[in-house]
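**Q** Quick one: structure below, then a few questions.
The values are calculated or read from the model by the stated rules, or taken from the named source; none is laboratory data. The shown structure was predicted, so the numbers you read here are calculated from the model rather than taken from an experiment. Methodologically, a virtual Cβ is constructed for each residue, glycine included, from the backbone with ideal geometry; neighbour enumeration extends over all protein chains shown.
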Amino acid sequence: RPVHTMAPVPARKRGHQLQYESDSGRRAGRTQAQRTSADLVHPEKLRIADAAVLAGADDNAYIATRDLSAGTLLVLDAPERRNENEVEAGQRGAAAGGAADAESQANAHAVDAGAHDGSELKKLASLHIEIRDRVLEGHRFTRRQICLGEFVTSWGQPFGRALRPIAAGEWLRNAKVVEVLRARGVLGAAVAPNFEDYTQPLTLTDESFVPGEQLPLRINDAYFDGIVRPPPRLGVGTRNYAVLLCVSSRLNAFSRQVALRCATIAAARDGFDGVVALPHTEDGGHVETGAACNRELLLRTLLGMLLHPNVGAAVVMQTGADEAASRRGAGVCYEDIKDFAISSGRDEELRALPHEQVQIRLDRWSEQLERISDLAARLVAPLYAQRRSRCAPRHLIVAQQCGGSDAFSGTHANPLVAEASKLLIEAGGGALLAETDELIGAEDYVLSSVRDLHTANKFLALVSRFHAYTHAHGASAEGNPSGGNLYRGLYNIALKSLGAAMKRHATVRLEDVVEYAQPLLSALPAQSERGDGDEGERGVGYCFMDSPGNDLESVAGQVAAGCNVIYFTTGNGSITNFPFVPTIKVVSTHKRFELMADDMDVDAAASADRSAMAKALFELTLAVASGQATRGERSGYHQLQIWRDWVPGPPSSALAGVAGPETAVLRRPLKMSDSARREESGLSAESGAHSFEALPLSHDSRTDSGGGGGGGGGVTTEWVALLLPTSLCSSEVARALARELQIGLGDACGVRFVSLPHTE
C-alpha cells in the first residue's frame, strides 16, 4: 500500500530540550520614543502578506505572523487601499458599538508622519500601515483607525470594544494580556489596555430559527482498509489492539508492567497492533467515600472503550478492594460495567467481545504479572488471523480536538481540519466536535447551520450546564484561556472560542448533540463494504459531544463515543496521543512544524491553497485508517485521562474542617540511632545501635568529620535523577524518558532516573 504523507520530512535527532516558546518573546522591543531618526527615514518595509493575516475578510484587526518592531511599514495589497471606505466603516461601527469623538475619526488608516519631516512617509501614507508598537507574533494590531467604543473583530465577530481611539497599526491588548506579558518581563508598567473583552450575545430564537441544509454526498470513489468486527459488534476498526482495562486507578502500575511484558507480542504481526494498557485516575474510592460524582460517566466511558471497534480483545482487571467498594455503592467493578451494558442496550456487544475478567492480588506481584501476561497472549492469538477489507468512508468518525492553541489555530489548523472533515462528510463519514467551554462565545457560529431546533437547544443546554458547573467550583468559563494561550495571542474566551469553532466548516450542518462518551455507532451496521453496493449511505455526519476543555479528558470521551481517527490541531506542538486510536497532528505554523517535525504530521501553513491541502489531509486520513502509522504512533507516547471526578460545590466547602499545615513540626524518623540523636543535638558522632549506609549529598559532606551532615551537606540512600513534568500533558513523556535513560545510562553509573507523572 502506498504511503500517503502531507510533505516529505527529513529524519531528525531528538534533542534533550523541548522548546515551546521563542526567547524573542521575552526581549522587549524599542518604544516609539526610542526609535532613531534613521528608523524614521529608512523604516523597514514588508508586504502585508508576509507579516500578517486576516481571520475574516472584513475584520478590523490583523494577526501578526512574525514579531513586528515599532516603525515597520506594511505595504498594503491593492484591495487594502480603501481609506475612505475604511473610515466610513469605522464610523458605522462606532455608531453601533459606542460614541466616537471627532478627533478619533480623523486621518484613519494613515501614517502619523506629521511630527516628522519625512515627505516620503507622507506620500505613502495611504499605501502603508505603520506599526505603532512592538507586536508579538500571534498578537493582533489594528487594520485601520478604531473609534472609542467600536467593536474589534475577527472572523467577522466582535471579541472586544475599544477603550479609547486606537490608531491604525497599534498593538491590541486587553488587561489579561498586559498582566501575562508583564509577568514574563515583556512589558513595562506604563503599558495599558486599549480594549475590553466582549462576548457576542446569542441571537438565536425559536421564531428566527431556520434549519440548515445537509451536504449532499459527492465523493463515491474513496475507500479505506478497515478491521470489520463480526455482528453484533458495531463499527469498523482502524487498528487491531488488545487492551488491558483497569476498572479503577488501583491497578495502573500493574497494567503498565503487563503491557511492557507483552511488547513483543505484536512483533512481525501485520494484522495485529499490540497490547496496550489503559490506566486512568478514576474511582479508586473506598466504602467510606460514597459513590463518585462521575460514576455513570465513568461506566459509560469504560464500556465505550471496551466496545470500540479498534479493540479486538480485552483483559478487564480489578482488585478485591474494587469489588468490596462496589458492593457498598462506592466504587466500580466489572459487574457494574456488565449491568451498565444491559441498561444501555449494549450487552450483546459486550458478550461478543473476546475478553476475560480477572481479580488481581497485589501481594503476589510477580506471579500475577506472569499469569496475566500469559492470559493476554492467549487472547490475542485469534487476532493474528484478522485481515483488513475495503470499507466505505461512512465507517470513519474523526474526533476534532485541539490543544496548546495559538492565534493561528483558528486561521490555519482548524479551518484545514474543517475542510478535510467536510470532504469526509461528503463521502458519507462523520466528525465529532467537543470541548463545551471552548465554544462559549461562539454559539451563534456553531448554530448557524443545525438540523433542527431541538438539536440547537440541546447544545445551548449543555453550555448553560457548563456555566453552572464552573460556577459551582468558584470559577467561570471566561477564565478559560491559559497563560500560554494569552502569551500566544488568544486574548479572551470569545477569541479562543471563535478560533476553536473554525473546526466546523461553515457549510456543514450540525446533526446531533450527545453527552460525554455517548455512543454514536448505533446507526452504523458493521459489515464489509466489498461489493455490498451501499456507497451512497451516510454515517453520523457532523456532531457535538459535551466535554471539558482539557484535551486529554475530552478526547477520551470522543474515543468512547466511537471515533476511530483523531484530528488534533495544535499551536505550540502538543505531543499527546491516544493509546489505541491514531492521532493525526496538525500544527498551525510552519516554524513550529520545522521545530517538531518528528512529532507532527501536517504543516497547516505549508501552502495557501487550502483546498489542495484539505484533499491531501483527506487522503492521509484514509491511509492512516488503513494502517499507516502516524508520527505519534511511531514515538510510542500516549496517555488516557477520563473526565475527572470533581466534587461540586464552592472550593471553601472542600476545605472545611481540614487543619492547616503543621509548619512548626519537624518530621523525624521513627527509629534513630544514638549517634544520630547526638548529631541532631550538636554532640560528636559515636557508633550507635542503629545505622545505615548512605551517600553524601555533596563533595564537601564526604570530608565532613562528622561523617554526614555536620557541615549541612547531609546524606542520602541513593542518587536519584528526577524528571519533573509540569503538567498532565508532559507526564507520559517524562515517564518514557526516565525509562529510556535508566536503561541507557542509569544502570551503568548507579543513578536511578525517576519521573513524577501526575494529572494536574
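**Q** If you scan the stretch 328-361, which residues turn out to be part of a helix (DSSP H, G or I), more than 14 Å from Val247 (Cβ to Cβ) and in contact (Cβ under 8 Å) with a residue 60 or more places away in the chain?
**A** Glu348, Glu349, Ala352
**Q** So which residues in the stretch 430-445 are out of contact with any Ser or Thr (no Cβ under 8 Å at 6 or more places or on another chain) and crowded, with 21+ Cβ neighbours inside 10 Å, if there are any at all?
**A** Listed by number, the residues that qualify are Gly430, Leu432, Leu433, Glu443.
**Q** Could we say that Asp551 is acidic (Asp, Glu), out of contact with any Phe, Trp or Tyr (no Cβ under 9 Å at 6 or more places or on another chain) and modelled with pLDDT under 95 here?
**A** Judged against the criteria, Asp551 is not a match.
**Q** Please enumerate the residues belonging to the stretch 371-388 that are surrounded by 13 or more Cβ atoms within 10 Å (Cβ to Cβ) and in contact (Cβ under 8 Å) with a residue 60 or more places away in the chain.
**A** Ile372, Ser373, Leu375, Ala376, Ala377, Leu379, Val380, Leu383, Tyr384, Gln386, Arg388
**Q** Just to be sure before I move on: is Thr411 touching a strand residue (DSSP E or B) at 6+ places or on another chain (Cβ under 7 Å) and not small (Gly, Ala, Ser) in the structure I sent?
**A** Values: touching a strand residue (DSSP E or B) at 6+ places or on another chain (Cβ under 7 Å): yes; not small (Gly, Ala, Ser): yes.
Here the answer is yes, as Thr411 does meet what is asked.
**Q** Has the stretch 489-507 got at least one residue that is at pLDDT below 95 and closer than 18 Å to Trp643 by Cα?
**A** Scanning the stretch 489-507 turns up no residue that is at pLDDT below 95 and closer than 18 Å to Trp643 by Cα.
**Q** Please identify the pairs in which a residue from the stretch 229-256 that is at positive phi has its Cβ atom under 8 Å from the Cβ atom of a residue that is modelled with pLDDT under 95 and among the aliphatic types (A, V, I, L, M), counting only partners at least 6 apart or on another chain.
**A** Gly235/Leu521; Gly235/Leu524; Gly235/Ala526
**Q** Still on this model: Identify all residues within the stretch 180-208 that are acidic (Asp, Glu) and free of Cβ contacts under 8 Å to residues at least 12 places away in the same chain; write none if there are none.
**A** Initially, the stretch 180-208 is screened for residues acidic (Asp, Glu), giving 196-197, 206-207.
The answer is Glu207, and nothing else.
**Q** List the number of the failed condition for Phe159; all other conditions in (1) in contact with a Gly (Cβ under 9 Å, 6 or more places away or on another chain); (2) modelled with pLDDT of 95 or more; (3) not in a strand (DSSP E or B) hold.
**A** It is condition (3) that Phe159 fails.
**Q** Can you tell me which residue in the stretch 555-598 is surrounded by the fewest Cβ atoms within 10 Å (Cβ to Cβ), limited to those that are among the basic types (Lys, Arg) and over 27 Å from Leu520 (Cβ atoms)? Break it down stepwise before answering.
**A** First, pick out the residues of the stretch 555-598 that are among the basic types (Lys, Arg): 585, 591-592.
Adding the requirement that they be over 27 Å from Leu520 (Cβ atoms) leaves 591-592.
On the way: Lys591: 15, Arg592: 23.
Filtering the stretch 555-598 for residues that are among the basic types (Lys, Arg) and over 27 Å from Leu520 (Cβ atoms), the one surrounded by the fewest Cβ atoms within 10 Å (Cβ to Cβ) comes out as Lys591.
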